[in-house]
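The values are calculated or read from the model by the stated rules, or taken from the named source; none is laboratory data. From a predicted model like this one, the values you see are computed outputs, not experimental measurements. As a convention, Cβ positions derive from the backbone with ideal geometry for all residues, glycine included, and neighbour counts pool all protein chains shown.
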Amino acid sequence: MHAPRIPCPFAVHIFKQDTTMVRSFTASTTLLFIVLSTSCADDWPQWRGIHRDGRSAETNVDLDFRDGEPKLLWRTEGVGKGYASLAIVDGVIYTTGNLPSGQAVIARKASDGSEIWATSITSQAPEHGYPGARCTPSVTSDHVYAVTSDGQIVCLTRADGKLVWSRSFTSDWNGEMMSKWGFSESPLIDGDRVICTPGGSNALIVALNRMTGEQIWASKAFESDHGKDGAGYSSVVISMACGVKQYVTLAGRGVVSVDAETGQTLWTYAPVANKTANIPTPIPFDDYVFCSSGYGTGSALLHIVREGDKLTANEEYFLQAGTLQNHHGGMIRVGDFLYCGHGHNEGFPTCLKISTGDVVWGGKLRGVGKGSAAVTMVGDNLLFRYQSGHIASVKATPDSYQLMGSFMPEYQEGNSWSHPVVVNGRLYLREQNVLMCYDVSE
């Protein structure tokens with residue numbers, strides 16, 4: 001469910017991000033409410049937004065670029081090297097980047113991009129393929145949480161960026177990545193816990209006290225002929241399949257679900273894993289999970305069923321790579337339809353009917369840009385940001401592919417993999433060391 005738009009002064013306890021999950025039980029249903037303490041419902045407090053589904057609640061926006069590109073309000077430098085996206089809360093942008101002093105968590109004013117604080121977590125830039133920070137910070141009322149690409153999870157004070165605590169995935173849990181491109185997770189904040197994926201054999205996923213960093217539980221890894229040991233490049237999401245609260249992620253060996261209270265493994269699904277990099281965040285809904293990966297793998301719809309006290313992931317269908325593979329850039333679910341970029345190193349705009357696995361439109365449709373596409377939904381439109389830097393606005397409708405115009409941002413270099421974010425009528429784009437802000441208000 002999506003948070004209703006609530007005027008800020010009255011939104012102190014309803015749908016605000018501390019992030020506390022308040023559960024209300026009836027005989028037949030479980031309702032989840034995200035309680036946010038200081039930020040407006042239109043804020044973007046974590047990876048893929050308030051519900052980790054890539055969808056913005058913004059409505060007063062103009063994403064029709066057919067008559068020209070939006071106005072550039074400002075451009076600034078100094079956020080360092082990296083592919084991280086942005087969290088934006090109460091007029092402050094939070095991101096991560098490689099600075100001369102090391103990999104840092106950074107806070108900037110959303111109004112003009114000027115620096116508020118920058119806290120270096122590492123003494124130098126971590127070394128791995130495609131150097132740079134990956135993590136989109138998670139923001140609560142008082143703290144900011146982030147994972148460095150060398151595997152440190154940190155908690156900082158939101159006001160001034162002071163370090164509260166830190167843990168090391170490698171030293172504390174013998175954690176590892178499935179391949180050589182650095183830890184890329186954006187940690188999940190759930191009530192008094194922070195959930196993350198060190199990738200260790202006895203600590204694939206861990207739950208920590210978010211105020212102290214103390215371990216609450218650690219889940220064991222699972223064996224499979226698919227994929228590789230270690231963490232993937234995905235981030236944890238919450239599922240309530242079969243009425244059981246569970247944490248789901250795409251790890252090195254495939255999709256895994258663990259009990260939110262105990263960390264016990266509930267179910268696994270391996271065929272969607274490849275041996276190079278498992279990246280897209282899974283899409284949980286009702287008693288289902290949709291998952292995908294690139295490198296010639298494919299996609300699957302899983303039906304989670306209860307058999308006594310056991311949960312099982314039944315494969316409803318598997319789509320071969322030629323039909324649908326989301327390399328990276330993410331997938332957006334709207335009812336019975338899924339929108340994403342299809343193809344390895346491609347962002348072919350595609351609409352899939354989830355219940356049947358049928359491609360409704362797209363598939364091999366060439367978009368306006370080249371390379372994989374990071375996708376964010378705002379109102380009724382999808383913003384495709386291609387690896388080449390091009391921004392395309394596409395109507396989120398199963399009727400047909402409807403391009404609502406496109407433009408090339410003022411600055412582009414290398415691979416434009418950072419996901420676009422729209423908050424309060426402004427489109428924010430991270431391009432390595434550069435931040436850009438465009439006016440997309442009506």
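When each of G414, G425 is tested for being under 22 Å from the mean Cα position of the chain (by Cα), modelled with pLDDT under 95 and under 29 Å from G80 (Cα atoms), the lone residue that passes is G414. For F384, the stated conditions do not hold, so it cannot be described as buried (at least 16 other Cβ atoms within 10 Å of the Cβ), farther than 25 Å from H51 by Cβ and of a type in the set (F, W, Y). Just one of the numbered conditions (1) over 22 Å from V334 (Cα atoms); (2) among the charged types (D, E, K, R); (3) touching a His at 6+ places or on another chain (Cβ under 7 Å); (4) surrounded by fewer than 22 Cβ atoms within 10 Å (Cβ to Cβ) is not true of D287: (1). What about S141, is it surrounded by fewer than 21 Cβ atoms within 10 Å (Cβ to Cβ) and either polar (S, T, N, Q) or closer than 23 Å to V236 by Cα (or both)? Yes. Selection of the stretch 39-80 for residues being β-branched (V, I, T) and out of contact with any strand residue (DSSP E or B) (no Cβ under 7 Å at 6 or more places or on another chain) yields only T59.
For D112, the criteria (1) over 30 Å from G425 (Cα atoms); (2) more than 22 Å from the chain's Cα centre (by Cα); (3) part of a loop (DSSP other than H, G, I, E, B); (4) charged (D, E, K, R) hold in every case but one, which is (1).
Conditions (1) more than 15 Å from H327 (Cα to Cα); (2) touching a residue at least 12 places away in the same chain (Cβ under 8 Å); (3) not acidic (D, E), marked per residue:
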position	(1), (2), (3)
G343	no, yes, yes
E346	no, yes, no
T350	no, yes, yes
V360	yes, yes, yes
L365	yes, yes, yes
A374	no, yes, yes
F384	no, yes, yes
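Among D160, D150, which is the only one that is out of contact with any helix residue (DSSP H, G or I) (no Cβ under 7 Å at 6 or more places or on another chain), modelled with pLDDT of 95 or more, more than 17 Å from G232 (Cβ to Cβ) and outside any strand (DSSP E or B)?
When all the criteria are applied, what remains is D160.
Scanning the stretch 222-234 for residues that are assigned to a loop (DSSP other than H, G, I, E, B) and under 22 Å from the mean Cα position of the chain (by Cα), we see that the one that is surrounded by the fewest Cβ atoms within 10 Å (Cβ to Cβ) is D229. Tell me, please, whether a residue that is among the aromatic types (F, W, Y), surrounded by fewer than 20 Cβ atoms within 10 Å (Cβ to Cβ), within 23 Å of the chain's Cα centre (by Cα) and at pLDDT 95 or above can be found in the stretch 349-365. Within the stretch 349-365, not a single residue is among the aromatic types (F, W, Y), surrounded by fewer than 20 Cβ atoms within 10 Å (Cβ to Cβ), within 23 Å of the chain's Cα centre (by Cα) and at pLDDT 95 or above. Out of the residues in the stretch 47-100 meeting the condition of being among the small types (G, A, S), in a loop (DSSP other than H, G, I, E, B) and surrounded by 15 or more Cβ atoms within 10 Å (Cβ to Cβ), tell me which one is modelled with the lowest pLDDT. Among residues in the stretch 47-100 that are among the small types (G, A, S), in a loop (DSSP other than H, G, I, E, B) and surrounded by 15 or more Cβ atoms within 10 Å (Cβ to Cβ), the one modelled with the lowest pLDDT is A57. Of all the criteria given as (1) within 21 Å of E127 (Cβ to Cβ); (2) crowded, with 24+ Cβ neighbours inside 10 Å; (3) hydroxyl-bearing (S, T, Y), the one not satisfied by T170 is (2).
If the requirement is being over 27 Å from S441 (Cα atoms) and of a type in the set (F, W, Y), which of these qualifies: Y94, Y83, Y130?
Answer to the selection: Y130.
Checking G389, G369 one by one, the residue that is closer than 19 Å to R134 by Cβ and either in contact with a helix residue (DSSP H, G or I) (Cβ under 8 Å, 6 or more places away or on another chain) or in a loop (DSSP other than H, G, I, E, B) (or both) is G389 and no other. Filtered by the rule that a residue be closer than 16 Å to R333 by Cα, among the small types (G, A, S) and outside any strand (DSSP E or B), the stretch 372-384 gives a lone residue, G379. Annotation note: of V237, V244, V258, the sole residue that is β-branched (V, I, T) and within 18 Å of the chain's Cα centre (by Cα) is V237.
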